[in-house]
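Below is one structure, written out as structure tokens; comments come after it.
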Amino acid sequence: MLLILISCWDAEKPYANRYEEEPEATIAAVLEIDSITERESVLLDILSKNPKDVERICPHLQSKSAQEYCQRYRTRPHLWSISPSKGAPNWTGGHFSERLLFPSHSLETITPIRPSCATELSCAQKDAIVAAQQGNVEASMGLCASLEEGRIRWDCMFRASESIPPPNYSGAVRLCLHAGAYAPECHNHLLLKMATWAWIDLKKHQSAVSQFSKYWQDSLYTEQLKDVYWSMVASRVAGVTQPFAMEDFNDYPSEFDTHLRSAISLRAIFAADPSLMAEDAQRKDHLQLTKAHGPNSPRFKPRPVWETGSEYEWIYYCDIRGGMRPTSTDSRVDMKFALMTAAAMHNPPKTDLIRLYQSDEDASVQAAAQTLLENLKR
């Protein structure tokens, strides 16, 4: 029966197109290809166009490089959750929502470079990563550009960007700019890598931040990037250091103060009395605190819980995943804003803590708590 099905197909029709009509029969036909290199190249091409079928396609791939590619599909949701039909939109001003978009820009022209070995699909990415690690961004881009399929080419740019060691922002961001629909996620990973690389070393953070304004001419865009970056430092560094010590951040710029309170809220929210724990964290050194939870935690769900408006100054919260939170120049009020934001993202939300703030002595805290409770009902 299989031979009959195959013989009825248009021999000139690409396997990836056949797969859309007859997935199982197409895979069976591909497995008849004698050359392992050609067979795996075809399967990887099918996978690139049908990433949600990773568990159907990948068991038929044998080489180490192909399995590594499959693992990337399993662990990197941008490969299948973002539509490759068009590139990412541009940043047009204001705050970022869920993605680190780039402003309107002209892409530099790339001359494709063929990889060093016959297995073009996997070999091009390997060569591109090596070139990126060696600081040859032009060669890395050229190798990725040799890949014709958009999703594969964009992911190659993404992977090569990740391979550039910090603090080389300009080289890594050039690759991200060519990552098509994946460009915002590439940019997000780049900032995260720089933030965790610097850890608590202020000079390294300042070096990273200074590169934003050097690369981008738009001061408004640069300010947005800086705020996202400090939010990442708060959640990914101050949010996980053990033990937590305020003295580690004494010399940080004043713009980090509100983000540091965000970091404390992300940790104190898991205590029996988050308000008391937040107070202890601000006045005691070397305090053991629960680490801020990651995006896959069952107990904490970072998401936008506020609707930004003109009544407050806003900062990004929990990287960019948590949207934004209101701030106050009064450190006590600001800590309460941070805590109620964390309470709203706790799973389930700690509405008792938010209700407690409805009777706070400060009118702005009362109003914010009321607004947040209303937002949670929607």
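The values are calculated or read from the model by the stated rules, or taken from the named source; none is laboratory data. All figures in this text were calculated on a predicted structure; none of them were measured in a lab. Reconstructed Cβ throughout: ideal geometry from the backbone, glycine too, with neighbour counts over all protein chains shown.
Would you pick out the residues in the stretch 64-79 that are touching an Asp or Glu at 6+ places or on another chain (Cβ under 7 Å) and under 17 Å from Pro295 (Cβ atoms)?
Those that are touching an Asp or Glu at 6+ places or on another chain (Cβ under 7 Å) and under 17 Å from Pro295 (Cβ atoms): His78, Leu79.
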- prompt: Of everything in the stretch 250-268 that's within 24 Å of the chain's Cα centre (by Cα) and of a type in the set (Gly, Ala, Ser), which residue is surrounded by the fewest Cβ atoms within 10 Å (Cβ to Cβ)?
  reply: Ala263
task: Could you please give the count of residues in the stretch 340-356 that are under 24 Å from the mean Cα position of the chain (by Cα) and either buried (at least 24 other Cβ atoms within 10 Å of the Cβ) or assigned to a helix (DSSP H, G or I) (or both)?
output: 5
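Val240: in a loop (DSSP other than H, G, I, E, B) and surrounded by 14 or more Cβ atoms within 10 Å (Cβ to Cβ), yes or no?
Taking the combined requirement at face value, the residue satisfies it.
Looking at Arg153, Arg99, can you tell me which residue is within 19 Å of Thr75 (Cα to Cα), in a loop (DSSP other than H, G, I, E, B) and at pLDDT below 95?
Values: Arg153 fails: in a loop (DSSP other than H, G, I, E, B).
When all the criteria are applied, what remains is Arg99.
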- line: Reported set for the stretch 275-315 where residues are more than 20 Å from Phe249 (Cβ to Cβ) and buried (at least 21 other Cβ atoms within 10 Å of the Cβ) is His293, Pro302, Val305, Trp306
message: Cβ-Cβ under 7 Å, sequence separation 6+ or interchain: first residue in the stretch 259-279 and modelled with pLDDT of 95 or more, partner polar (S, T, N, Q) and surrounded by fewer than 24 Cβ atoms within 10 Å (Cβ to Cβ). Which pairs?
response: Ile264/Gln282; Arg267/Thr290; Phe270/Thr290
- prompt: Which of the residues that make up the stretch 26-38 are under 20 Å from Glu68 (Cα atoms), touching a residue at least 12 places away in the same chain (Cβ under 8 Å) and not β-branched (Val, Ile, Thr)?
  reply: Leu31
- prompt: Can you tell me which of Ser140, Ser146, Ser116 is in contact (Cβ under 8 Å) with a residue 24 or more places away in the chain, of a type in the set (Ser, Thr, Tyr) and over 30 Å from Ile320 (Cα atoms)?
  reply: Ser146
message: The conditions are (1) closer than 21 Å to Lys64 by Cα; (2) in contact (Cβ under 8 Å) with a residue 24 or more places away in the chain; (3) of a type outside the set (Ser, Thr, Tyr); (4) surrounded by fewer than 19 Cβ atoms within 10 Å (Cβ to Cβ), and Leu101 fails exactly one of them. Which is it?
response: (1)
